[in-house]
Every structure is written in structure tokens, then in C-alpha cells.
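Structure first, then comments.
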Amino acid sequence: MKWSLKLHFTKSFKAFSLVEMLVAMAVFALLMLVLSQMLGLAKSSLQMGRRRVDALGKGRITLDLIANDLTQGIFRPDLPAFKDKDGSDSSLSGNYAFYTRRAAGDERAVSLVSYRQTQDKAHARLERGALAMKWSYSESQSLHFGVTGLNALGSMDSLGEYQEVFSGVAAFRMFFLNINPKTGKMDFSSHYENKEDEVSRIVGVTIVIMDDATEKAFSDLGKIEMLVQHPAFELPHDLQDGIKKVWDQKMSDPEFSKKIPSPVRLSNGIRCFERFVPISTERPTP
């Protein structure tokens, strides 16, 4: 007896056509393109957020430090404040110096504190100098009453008392709210006053901070000095609205970025901060 095995296929199997494969590949490529764009936007947002946090941290710490010194400041009519060595107004040089109380357990412990902005081709810095002072005239580095200039600023330079607060400071200014005690008239000014008819009561501090990425980009191009010397950061003639409002308007102007070739968007990498600090000013004796 012979056996035979016959296989019968009753079903047929169909494969994808070339057109279907091309359509599927096109859809897949489109999805990958959308996904890559979403990832790119997420990465860009993350980097921008980090840059904002970086600038915000620098600005807050710097303003806290300056506000603390101003709160401890000694503002008397017989002691100069916010003056240069020769007695000229410090707003012209951007070197803001004044006497403060030191936390040394002695109410007569005094320091001369100075803030200044410096820059070179690689960095723009805010520096703070502090020099211990004495009340006695017989000792060196003593307080000098009834003079117009802060003579000890020269000693601070020669002794190397300045230390960097932060790098990435594009602009730095102080201004004052002056009040006439007799009439109550108030006026913002770039000049500190402590006389019978005009007394400074509030100090405004304005600072422009670059994040690390922006500073590095300008440093690589050697454009730090060009940014710091930008006319947008000149002291406004009208200070009634403060400085920040004016500088923000100028930095948002497209002409601001056109004058400085930059590989990064300046509007994303530079931020302006401002704070108003009340000071205790002793009035002159009539």
C-alpha cells in the first residue's frame, strides 16, 4: 500500500506594496521631525531657564550685599560719602564709597567700603573694597572729619583691598532720593546730599547682569568692553522713574543689539535689576 501526502494551501498571504512602504516611511520621518523639534524646544527652554536663574542669582546676591552695607552706613554731615579722593562726585567715575559700621563687637569699628565696576577684554566685574578705619587722628587710616574727599581710597588701591563680587556685570549705577526737610519736596538725583536744605534718604542701586553663557560669548569675541561702554547704559538725565525702566527700554530696542555683533540673543542673556535702600542720614546741626 502506498501513502501519499498532499498539502493544500487554502489561504494566501499578501505583503506591503512599495507605495505603502513609502507612505509609512514618510509618516515615520514626519513624526521623528516633530519629535526632534519638540526636544529642541524643550532643550532651549531649559537652557534659557538656567540662564535666567543664573542672572537672577547673581543680581539678588549682589543687591543683598550692597543693601546690607548701605544699611550699616555712617552718613554724617562731617564725613564724606560717595566721593572720590579729590572730593569730586563719585557718580562721574562709578566708584561708590562710604563709611560703614563693622561687626567687630565695637560700635567704633568702622570700614571704608567701596564698590566699583572694572572690565577688560575677557571679563566685566563688580568689585568691593573694604578698609578698616580708626576714629583717632593719630593713627594711620583714620577717619577724616570735615573734608570733602575720601583720601583712604588711595590706600585701598595700593593695598589691594578690592575683591571680585561677581563677573558678568555690564553696568552698575547708584542714585539718590533727596528730600528737602523744610518743604518736603522730593527729587531723584545722581548726587548724594547731606545739607540743611537737602538730605539723601534713599539710595537706588541698578545693575545689569550677564549670564555665564553670554559673558563667555562676548569674552571669546573680545567684545566685553564694547558692551560695557554701550551708550544705552549711560546715566539717564531724568531719574524720576529710576534707571531700570530706561535701561530696559533701551535694551529692548532692536538698535541695541545691532551695535554689538553677538552670537547670542542679548535680550535672553542680559537682565537689569534695581533696588531702593533707605539709609539713616544724620542731619546737619543748624
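Summary of values
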read-out: Heavy atoms of ILE61 accessible to a 1.4 Å probe, total area in Å² rounded to 10; value: 100 Å²
read-out: Extension gain (nm, one decimal) between ARG101 and PHE145, 0.36 nm per residue minus Cα-Cα; value: 14.2 nm
read-out: Relative packing of peptides 209-220, 113-124 - highest average C-beta neighbours within 10 Å first; value: 209-220, 113-124
read-out: Two-site FRET efficiency, LEU221 against MET38, from Cβ-Cβ distance with R₀ of 30 Å, rounded to 0.05; value: 0.40
read-out: Difference of contour (0.36 nm per residue) and Cα-Cα distance, LYS134 to SER17; value: 32.7 nm
read-out: SER280 versus GLU234: modelled label distance in nm, points set 7 Å from Cα along the beta carbon direction; value: 4.0 nm
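The values are calculated or read from the model by the stated rules, or taken from the named source; none is laboratory data. Model, not experiment: these values are computed from the prediction. Note that each Cβ is placed from the backbone with ideal geometry, even for glycine, and that neighbours are counted across all protein chains shown. Heavy atoms of the whole protein, side chains included, go into the accessibility calculation; ligands, DNA and RNA do not. Shrake-Rupley method; radii C 1.70, N 1.55, O 1.52, S 1.80 Å.
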